[in-house]
Amino acid sequence: MFKTVDDLINVYQSINDKSTVAAIKAQALAKFDIILPEKFDDFDTFLKVIFDEKLTKASAKTYFEVHLKPLVSPFKVPSNKAVEKVFRKVKKIQIPNWSSLDLRENTYVAWHDPGQGRKFILFYDEHDKLQGTFGEFGSNAIKGLCAICQEMTTISLFLATTKSSGDGTYTKKGNYICLDSDACNQHLYDLSSFHGFLNALK
Ligand SMILES: [Zn+2]
């Protein structure tokens, strides 16, 4: 979400054409409409702040920290046992370094285990149940569209091994996702794209 505001500020500072700026504001409004109204009772003030073309990155950041972040529920830290249970087929699962994460920024938590050449992804499903997926990851990064956050970034192939339903054989399913999962979480405003990524792995 902050990324969208950041992009807006870049537009204010670099584009003079009023109709272009208005069109980009309309796109941003459509994005914020998806995520904000339910939890946010001061939408009008928010729009006033972000649509002010004199807005600076520093003041936008302060506004977010003070007014928006407290509304976001943080990712609930599970016990080590719960993480091990999710990845019970994996030997020697690493446990994320929870204290190094800003859990209000995380829709999902992912970490890379270079020893195994795998990325692990932990999330809560629609029933608030802890779930996980993992796959081979990170061998070659390219520029492209991330399947999770739908941003053009540096991505790499996430290759998950899944059991096909019928005959019990295993197949590999791949999707390109952000190399940097923290940045991916910051770009992620529409959860349906994250769920689409997960469904594609099934
Ligand atoms: Zn991403």
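The values are calculated or read from the model by the stated rules, or taken from the named source; none is laboratory data. Every value quoted in this text rests on a predicted model; they were computed, and no experiment measured them. Note that we place each Cβ from the backbone using ideal geometry, even for glycine, and neighbour counts take in every protein chain shown. Protein only, heavy atoms only, side chains kept; ligands, DNA and RNA dropped before computing areas. Shrake-Rupley method; radii C 1.70, N 1.55, O 1.52, S 1.80 Å.
Observations on the structure shown:
- Of the residues Tyr176, Tyr124, Tyr108, the one that moves most in a GNM of the chain with alpha-carbon contacts below 10 Å is Tyr124.
- Accessible surface of Val11 - all protein chains present, 1.4 Å probe, nearest 10 Å²: 20
- Candidates Ile155, Ile24, Ile15, ranked by Gaussian network fluctuation over the chain, Cα under 10 Å, top entry: Ile15
- Dipole magnitude (debye, nearest 20) for region 2-71, charges at Cβ of Lys, Arg, Asp, Glu: 200
- Ranking Ser181, Leu55, Ala26 by Cα position along the charge dipole of the chain, where only Lys, Arg, Asp and Glu carry charges on their C-beta atoms, puts Ser181 farthest toward the positive end.
- When the alpha-carbon atoms of the chain are used, the pair Rg, Dmax equals 19.0, 61 angstrom.
- Looking at the chain, the accessible area is 59 square angstrom per residue; that uses a 1.4 Å probe and ignores ligands, DNA and RNA.
- Positive-end residue of Val90, Val72, Gln150, charge dipole of the chain with Cβ unit charges: Val90
- Rounded if a/c under 1.5, otherwise prolate or oblate - region 2-71, Cα gyration tensor axes: oblate
- What a 1.4 Å probe finds exposed on the chain is 53% carbon and sulfur by accessible area, rounded to a whole percent.
- Order by protection proxy (mean Cβ within 10 Å, highest first), peptides 134-140, 179-185, 98-104: 179-185, 134-140, 98-104
- For region 80-200, a simple Cβ point-charge model (Lys and Arg +1, Asp and Glu -1, everything else neutral) yields a dipole of about 620 debye relative to the Cα centre.
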